[in-house]
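Just so it is clear, none of the values below were taken in a lab; they were calculated from the coordinates. Keep in mind the model is a prediction, meaning the values are calculated, not measured. All Cβ positions, glycine included, derive from the backbone under ideal geometry; neighbour counts span all protein chains shown.
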Amino acid sequence: ATVPAGTAARRAPHILLLTIDALSAEHMSLYGAARPTTPMLAAFAAGADTFEHAYANGNFTTPGVASILTGTRPWTHRALQLQSWPELATRRESLPALLQRAGYQTGYVSSNAAAGAAKNGFGAYFSFASRDRIADLDLCTDALSAVFKYTCPVSAMPLFAELLSLADDIHGRPGTGHYDPRLATRPALAWLQSVDRSRPVFRWVHLFPPHSPYAAPAPWLGRFDASDEARTLASTEPHWNYAMGGVSPALVQALAGRYDESIRYVDYFAGEFLARALQLLGPDTVVIVTADHGESFRHGYGAHTGPGLYDEIIHIPLIIKLPDQTQGRRCAPQAEQVDIAPTLAPLAGITPPAL
C-alpha cells in the first residue's frame, strides 16, 4: 500500500491484523468467484485497498505466518516444517517485536495451534494471548509451547497422538471439531475493550475456518451445494495432495461447495469482528486482512502442503485499510506476504531491519 506523505509524523496508529486460515482468493466473490462467498469482506474492502495479485510465501501455515510476521521469505526465516520455529534473528526483528519495543500494546488470539504466536516463537512479543486450540485436547498448544519448544513435535508422535485421540473420544470432543470464529473474536474484542486505547495497539487474530474439515454449521451448510454428499465433519476432510486425483468428480465438486460454504461462514463473523473492532479503536487504525495460504480442488490435488504451488493454494487475499480511508481501490501490482511488515513499519514510525 502507498503510505501517505507525513504519516510517520502522526501518532502511531492502531494496527489490526486478521489472518484467515486456508482462504483462497480464487474462491472469494471479492476476487470474482461466481458464488457469493464473501459479501462481508467485500463490504469492508469498499473502503480499503484490495490487492488483486497477492501471494503466499509458502503453501502451509508455518512459513506463511512466519513470512507475514518477519517480513522474510522461508529460505531466510527457515520455518520450513509445520513444527519448526523461524530463526531467532528474524523473530527478534519481527513486526511484533519491533512494535512492542516501540510502545505498542500487543495481543493475539489464534484458533489454530500451528498459528499460535508462542508455538512459532513469538510469544515474548505479545502481552496478551488467548487459547489457541479451542475444541479438542492437544498437547500442541501455545501455552505449553511457551515453556517447551518441542511440545508440538512430541504431540505428533504416534503414541501421544493415539492417547490424545482416545482422550478426545472419552470427553466427547473429537479432534476434527469445527472452530467457531467467535471463540477467537470474542476474547479479541474483550481485550480491545480493556486496553488503554490512548496508546497504540497491535492486535493479531487468526481464524481457523475455512480450513478442513469444511462442513460449516447451519444455516451455512448446503447453501451452495444442496446434494447429500459430504455433509459431516468426517466426510469433509479432503484427500490431501495428489490423493485427490483418485476421488470422483462429484465428490470433489461437493467438497469445493462445502469449502465455499465455510468461507461464507467465516466471512460473516470476520465482517462482524472488523466492524466492532473499528468501533472500539476508531478511524486511526490500520487493518490488514489476509491468509496464510489457500486451498486446492483442481489438478487432482487436494487441500494444501506438499509439492503443489498452484494458484488456488498461493493466491491469497490481501486487503489493507489505512487510517481514515473511506474510498476503496483495486491494486494491480503483485504483492507477497513479506510485503506486509515493511508496509506497516513506516506507518508505526519504525524502520524494519534488512534481514
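Points to keep in mind about this one:
- Under 14 Å, Cβ to Cβ, from ARG197 - net charge with Lys/Arg +1 and Asp/Glu -1: +2
- The relative contact order of the stretch 253-355, computed from alpha carbon pairs under 8 Å that lie at least 6 residues apart in sequence, is 23 percent.
- Two-site label geometry, PHE148 and ALA34: point separation in nm, points 7 Å out along Cα→Cβ: 5.1 nm
- Counting Lys and Arg as +1 and Asp and Glu as -1 over every other residue whose Cβ lies under 10 Å from the Cβ of PRO283, the net charge comes to -1.
- The label point for ALA43 and the one for GLN327, both projected 7 Å from the Cα toward the Cβ, are 2.4 nm apart.
- Note on HIS53 and GLN193: the model spin-label points, each 7 Å out from Cα along the C-beta direction, lie 4.5 nm apart.
- Residue-span extension gain [ARG182 to ARG101] - 0.36 nm each, minus C-alpha spacing: 26.2 nm
- Available extension along the chain between VAL247 and SER235 is 3.1 nm, counting 0.36 nm per residue and deducting the alpha carbon span.
- The stretch 180-323, relative contact order in percent, only Cα pairs under 8 angstrom and at least six apart counted: 26 percent
- Under 15 Å, Cβ to Cβ, from TYR310 - net charge with Lys/Arg +1 and Asp/Glu -1: -3
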